[in-house]
Amino acid sequence: MYKGKKIGAVIIAYNAEATLKDTVDLVPRDMVDHLIICDDGSTDRTKEIGLSLGVPTFSSDKNYGPGANTKRGFDIMLEEGDIDIVVLLHGDNQYDPSKIPGMVAPIAEGQCDVVLGARTEWSRGSMPLYKQLGNRVLSAFQNAVFGQKLSDYATGYKAFAADVLKTINYPDNKDDFEFDEQLNAQVIMHGFRVMNVDVPTRYFPEARSIGFMHSVIYGLQTVRATMDFLLYKTGFRTRKRRKLFRKRKL
């Protein structure tokens, strides 16, 4: 618990046997009330390691995609019923779980509803140059459309007030990486307050990172999700966009 708020943390993982223990060990268990691992059909020992660490581990029968894995994690947390803030991080230990207090503080203190971990020291973290440039261009585009002043939307380290996840229609989002950008658009569309908190990022061989072609695809998906937001706001409300931006039915 943090400042009277009950904290839940979801670790999404896929073939993370080399990094999962280190990730779990860094979670501040004195303040995280409920920790789970969602394993997206790993073919290595991810599930076994998660269970051996005493963490509830939910494993898919096959690899459905990061979006599908995140949906399941959110669903499990909301089913708990009394979680106030949900933190999302990855099992590859690229983002530091020990920074969870800084991620949830702005929400617990009423400053915002959603926190996106802004990746800092990219060059020292060895993020490829094309990813650095791509992130800057896409973030500028999203800021222009969303009317925000955020530095990093594409982060995998996030925290949400539970009411946000009860409002946005994330279950109907894509199952792949586009899920995250649709989530960003939904959060802004429903008027939730978003802020960045700087978090250090590590890049090393065991940390999962998409390659150049997948980065290009992700960039196109980001543009599509952002344009769906813009077109919906300007009255071009197709059935798909109405579904994307409607309030969730619980």
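Under the classification rounded if a/c is under 1.5, otherwise prolate if a/b is larger than b/c and oblate if not, where does the chain fall, given a ≥ b ≥ c as square roots of the Cα gyration tensor eigenvalues? Write down the numbers at each step before the final one.
On the way: a/c = 1.40, a/b = 1.22, b/c = 1.15.
Rounded is the answer for the chain, as its axis ratio a/c remains below 1.5.
Less than 13 Å Cβ to Cβ from Val145, Lys/Arg counted +1 and Asp/Glu -1: what total charge do the surrounding residues give?
In short, +1.
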By the C-alpha gyration tensor axes a ≥ b ≥ c (rounded if a/c is under 1.5, else prolate when a/b exceeds b/c, else oblate), the shape of segment 1-74 is oblate
Taking the chain and counting helices only, DSSP H stretches of n ≥ 4 at -39,500 (n - 2.57) each over all residues, the nearest-500 ellipticity at 222 nm comes to -12500 deg cm²/dmol
In the neighbourhood of Gln221 defined by beta carbon distances under 10 Å, the net charge of the other residues (Lys, Arg +1; Asp, Glu -1) is -2
Simple label model, 7 Å out from Cα along Cβ direction - Lys243 to Leu129, nm = 4.3
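Read the figures in this text as sums done on the coordinates, not as results from a lab. Computed from a predicted structure; not experimentally measured. Note that we place each Cβ from the backbone using ideal geometry, even for glycine, and neighbour counts take in every protein chain shown.
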